[in-house]
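The values are calculated or read from the model by the stated rules, or taken from the named source; none is laboratory data. It should be emphasised that the depicted structure is a prediction, and the values quoted were computed from it without experimental measurement. Reconstructed Cβ throughout: ideal geometry from the backbone, glycine too, with neighbour counts over all protein chains shown.
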Amino acid sequence: MVTDAYDQLSAQGFLITRVKATPLVGAVARPPAPATARPPAPPPRFDLSPSTPEIALFPARDWTEALVGAIRAAPVSALGYGSPRGEPALREVLADHLGRTRGVVADPERIVILNGAAQGVILLAHALSGAGATRVAVEDPSLVSQPHRLRMSGLEVAGQPVDAEGVTLDGLAADAVLVTPAHQFPTGAVLSGPRRRDLLTWARQHDALIVEDDYDAEFRYDREPVPALQGLDPDRVAYLGTASKTLAPALRLGWLLLPALAGEAEAVKHLLDVCSPALEQLALARLLTSGA
């Protein structure tokens, strides 16, 4: 027993043992003294951050019931590594839901489920770069993190000015353009009808891809939400959506609908994290199916 104990301590590096010599205690680095933690700042009474939803309104009871139901009904295979494109049940329900609510022309086989819309930009950037694209235009101003995500894939990023009708087209030269047509961030401008048609014409003439970030298009206070740009030309527009604004950012659930490059995006998704959590996908499918 004593010999075993010494051997174990030696194997772990705590003792230095030599034949016919007294064991010595090995030098072990001392952990640094813990830094004095500052008391957390009190939460603001009102959170007016423009990119954060009212998370206190998260439907916890509905989500819990959907998640429990998904776990009970899910086959054992759902607990393994799933498809990088996402659970078929959610992709089919999403295709129907997006068609009814956003006017999107959706094929479940062209939908990739994401860990949030941010991952969708990274997937697209890698897929575009792999297809030979070198330059992507983004709205100026726009969400500051988007250009960084695009540059991570080696793409050149060019800012394109925004006016009251949305992104402008003067001087637009890129292989793809990332836009927020329903509600430009951060100006709030809605891409006008004439500007939409002009943008689609530009994409066809230049064999370019339009990436539509539909991040919070469900919310309008003055009129019905404007339909998605993707419905006007599904072959030229990649559609990016998320549950972060309708439910909560912590769920990390988003979706990417591609006119092409679906296989390339699937390969990148597999390399990044294999697949998105299956049980949460199935729970969201149940919420959409039930109308909750």
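For beta carbons closer than 6 Å, sequence separation of 6+ or different chains, a first residue in region 239-263 that is within 20 Å of V177 (Cβ to Cβ) and without any contact (Cβ under 8 Å) to a residue 12 or more places away in the chain and a second that is among the polar types (S, T, N, Q) and surrounded by fewer than 22 Cβ atoms within 10 Å (Cβ to Cβ), there are no qualifying pairs.
Restricting attention to region 125-148 and to residues that are buried (at least 21 other Cβ atoms within 10 Å of the Cβ) and in contact with a helix residue (DSSP H, G or I) (Cβ under 7 Å, 6 or more places away or on another chain), the residue that is nearest to A265 (Cα to Cα) turns out to be A127.
Working carefully through the options R61, R72, R38, find the one that is farther than 26 Å from V177 by Cα and part of a loop (DSSP other than H, G, I, E, B).
The match here is R38.
Among the conditions (1) surrounded by fewer than 21 Cβ atoms within 10 Å (Cβ to Cβ); (2) modelled with pLDDT under 95; (3) in contact with a Leu (Cβ under 8 Å, 6 or more places away or on another chain); (4) not aromatic (F, W, Y), the only one that A250 does not satisfy is (3). The set of residues from region 104-155 being under 18 Å from the mean Cα position of the chain (by Cα) and among the basic types (K, R) comprises R110, R149, R151. Close contacts from region 140-158, counting a first residue that is of a type in the set (V, I, T) and a second that is crowded, with 19+ Cβ neighbours inside 10 Å and in a helix (DSSP H, G or I), with Cβ to Cβ under 8 Å and a gap of 6+ residues or different chains, come to V157/P147; V157/L150.
Evaluated against (1) among the aromatic types (F, W, Y); (2) closer than 19 Å to W255 by Cβ; (3) in a helix (DSSP H, G or I), Y215 falls short on exactly one condition, (3).
Yes or no: V76 farther than 16 Å from S290 by Cα, among the β-branched types (V, I, T) and more than 22 Å from the chain's Cα centre (by Cα)?
When the stated conditions are applied, V76 passes them.
When restricted to residues that are assigned to a loop (DSSP other than H, G, I, E, B), closer than 15 Å to H126 by Cβ and of a type outside the set (A, V, I, L, M), region 138-180 contains 3.
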